[in-house]
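Everything below concerns the one structure shown next.
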Amino acid sequence: MKKHLKTTFCLLILTIFLFSSLVDGARNNTTVTILSGSAGIEAELFKSAAQRYMKKHPQVKVRVMEVPEKVEQRLAFFLQLLESKNSKIDIYEFDVIWPSLLEKHFINLNKYGGKKIASRYFKSLIENNTVNRKLVAIPLFVDAGLLYYRSDLLQKYNLKPPKTWDQLEKSAQIIQKGERQKGNKDFWGFVWQGDKYEGLTCDALEWIYSNNGGTIISQDKKITINNQNAIAMLDRAAGWVGSISPPDVTKFTEEISRNFWQVGNAAFMRNWPYAYALGNADKSAIKGKFDVSPLPAGKNGKPAATLGGWQLAASKYSKNPKVAADLLFFFASAQEQKYRAMKSSYLPTVKKLYQDRELIKNKPFIGKLYNVFINTVARPSTPTGIHYNEVSSKFFYSVHAVLTGKKDAATALKQLEKDLQKITGFQVGRVQ
Ligand code: GLC
């Protein structure tokens, strides 16, 4: 797997290198290049939007290039390009947690017309993308963690969608046992994102917050992770590995869990909204056999969904910042977001689309998710600013050590608390 990703990475660099000569050759045209995500059909969606833009602007050539799926690899790749002031890449699609980290490499979109259109988008997302009054990016889609469940199997075993982790564990055991007895030896109760990467930070934050264990570091800059509710929840999650979740779940990303679920081998899955449309695609084994709900709550808390999502920003090193800004405004426009949402299940960031009758009729799922999305929990990227990446890495490595049985949660979180103090200089505090 690692080898495969390394190869992808090298190929990408090579492509950019080769591609740069091609761009230089295209003297009569303005060529604008965007780096797109690669999960599900993201790149396909960008390519079709690019076609529509080029039809309107025949003098512009838009190139869409895919980047690795994992957030850390994307970030490393972006930093390599941005720190070398690469002028061949014009638009970056970046994660909701990165505005402070990458801000200095992007143009202020307010100066290119962003100010006029910002109020069309959810205020919290625009605020997240505004650093020192600079509008760094426009939100393209928003993510929230969801519980996917097999409605056909719940019905078959006379069960209801679980509201607590206790109920999820019980239902997962019942369905897993039943399906295996019926001959599907590869069937498991619950799949999620357990690999050592940002995705695990998202899942573990949901577990901990749903058990009233806080957000690792609070908005007022206190380290709160070392608490009994967080410890209890992580020990509980470690108990899922090999019992209701496959032993290999500690190597799962979003796409690995989605593929596992989509062939019909799991009763429950934690994932982002994009998996909804893909699960209902014609070739999917579970088409029409599943639904979504908020994730379960712990004994001491309420359901939690981590806030995720991707933004579009234009590079300061682009030779065509004006065209890049115009193109990214087009990609993130209401019309294009509606198009994306109709073709997939990416949640729009333009407020009025949640009242768009045609869209809600076509995708009732999106209307249903509105409440989940406006009640999401943010990772501590605002209080930790440029240290967020380091904080998150320490967190997911600690959680991974608990999941793989290398440490118990109390030992792991005690050490993590010390490490986070060193990274951030913040004081230890209590969960409010
Ligand atoms: C999704 C989310 C993003 C998060 C990532 C973790 O892409 O939108 O915010 O960081 O998953 O894998």
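The values are calculated or read from the model by the stated rules, or taken from the named source; none is laboratory data. Just so you know, these numbers come straight off a predicted model, no measurement behind them. Cβ placement follows ideal geometry from the backbone for every residue including glycine, while neighbour counts extend to all protein chains displayed. Note: areas computed on protein heavy atoms with side chains; ligands, DNA, RNA excluded. Shrake-Rupley method; radii C 1.70, N 1.55, O 1.52, S 1.80 Å.
A crude spin-label estimate for the pair Asp220 and Asn375, with each label 7 Å from Cα along the Cβ direction, gives 2.4 nm. Scalar couplings 3J(HN,Hα) for region 127-135, obtained by applying the Karplus form with A = 6.51, B = -1.76, C = 1.60 to θ = phi - 60°, are 5, 4, 8, 9, 10, 6, 6, 9, 7 Hz; x denotes Gly and Pro.
If the chain between Gln181 and Lys302 were fully stretched, how many nm would it gain, using 0.36 nm times the residue separation less the Cα-Cα distance?
On the way: separation 121, 0.36 × 121 = 43.56 nm, distance 3.40 nm.
Extra length available between Gln181 and Lys302 comes to 40.2 nm.
Note on surface exposure: Asp282, Asp95, Asp326 rank Asp282, Asp326, Asp95 by accessible area, highest first, 1.4 Å probe. Around the amide H of Ala266, modelled in the peptide plane, lie the amide H atoms of Trp188, all under 5 Å away and 5 or more residues distant in sequence or on another chain.
Extension gain for Leu79 to Lys116 (0.36 nm times residue separation, less C-alpha to C-alpha distance): 10.4 nm.
For Lys61, the amide hydrogen comes within under 5 Å of the amide hydrogens of Thr30, Thr31, Val32, counting only partners 5 or more places away or on other chains and with H modelled in the peptide plane.
Remark: region 153-169, residue by residue, has Karplus-estimated 3J(HN,Hα) of 6, 4, 5, 4, 9, 6, 10, 10, x, x, 9, 10, 5, 4, 5, 4, 4 Hz, where x stands for each Gly or Pro and the curve is 6.51 cos²θ - 1.76 cosθ + 1.60 at θ = phi - 60°.
Counted by Cβ distance under 15 Å from Leu109, the other residues give a net charge of +4, where Lys and Arg count +1 and Asp and Glu count -1. Normalised by the number of residues in region 91-157, the mean separation of alpha-carbon contacts (under 8 Å, six or more apart) gives a relative contact order of 32 percent. The accessible-area ordering, largest first, of the residues Thr382, Thr33, Thr215 stands as Thr382, Thr215, Thr33, per a 1.4 angstrom probe. Restricting region 25-124 to trypsin sites (Lys or Arg not before Pro) that sit in a DSSP loop and have at most 10 other Cβ atoms within 10 Å of their own Cβ leaves Arg27, Lys85.
Counted by Cβ distance under 12 Å from Gln155, the other residues give a net charge of +2, where Lys and Arg count +1 and Asp and Glu count -1. Beta bridges assigned by DSSP with both partners in the chain are antiparallel in approximately 60 percent of cases. Reported to the nearest whole Å, the Cα centre-to-centre distance from region 100-163 to region 165-238 is 23. Picking from Asn129, Gly113, Leu168, whose Cα lies most toward the positive end of the charge dipole for region 103-207 (charges on Cβ: Lys, Arg +1; Asp, Glu -1)? With unit charges placed on the Cβ atoms, the residue in question is Gly113. In a DSSP loop and with at most 16 other Cβ atoms within 10 Å, the trypsin sites (Lys or Arg not before Pro) in region 155-184 are Lys163, Lys182.
Using the heavy atoms of the protein chains and a 1.4 angstrom probe, tell me the accessible area per residue for the chain in square angstrom.
44
Entry note, the chain: relative contact order of 24 percent, from Cα contacts under 8 Å with a spacing of 6+ residues. Placing dummy labels 7 Å off each Cα toward the beta-carbon, the span from Gln167 to Arg133 is 5.0 nm.
Derived scalar couplings between HN and Hα for region 117-126 equal 9, 4, 5, 6, 9, 4, 4, 4, 6, 5 Hz in order, rounded to whole Hz, by the Karplus curve 6.51 cos²θ - 1.76 cosθ + 1.60 (θ = phi - 60°), x for Gly and Pro.
About its Cα centre, what dipole magnitude does region 325-397 give when the only charges are +1 on Lys and Arg Cβ and -1 on Asp and Glu Cβ, stated in debye to the nearest 20?
Numbers: 11 positive and 5 negative charges, 70 e Å.
For this selection, approximately 340 debye.
Rolling a 1.4 angstrom probe over the chain with all protein chains present gives an accessible area of which 52% lies on carbon and sulfur atoms. Measuring nothing but how far apart in sequence close Cα pairs (under 8 Å, 6+ apart) lie, relative to its length, region 78-200 scores a relative contact order of 14 percent.
Extending 7 Å from the Cα toward the beta-carbon at both Asp152 and Lys251 defines two label points whose distance is 2.9 nm.
With a Förster radius of 30 Å applied to the C-beta separation of Lys123 and Lys361, the computed FRET efficiency comes to 0.70. Note on the chain: with charges restricted to the Cβ of Lys and Arg (+1) and Asp and Glu (-1), its dipole about the Cα centre is near 800 debye.
Restricting to DSSP loop positions (anything but H, G, I, E, B) with no more than 13 other Cβ atoms inside 10 Å of their own Cβ, which trypsin sites (Lys or Arg not before Pro) remain in region 281-335? Here the sparse-neighbourhood loop sites are Lys283, Lys287.
Compute the length gained on full extension between Asp408 and Lys316: take 0.36 nm times their separation in residues and subtract their Cα-Cα distance, giving the result in nm to one decimal.
Here the segment from Asp408 to Lys316 would lengthen by 28.5 nm.
A cut-off of 5 Å between modelled amide H atoms, ignoring neighbours fewer than 5 places along the same chain, links Asn211 with Gly298. Charge dipole of region 42-180 (Cα centre as origin; +1 on each Lys and Arg Cβ, -1 on each Asp and Glu Cβ, all else neutral): 660 debye, rounded to the nearest 20.
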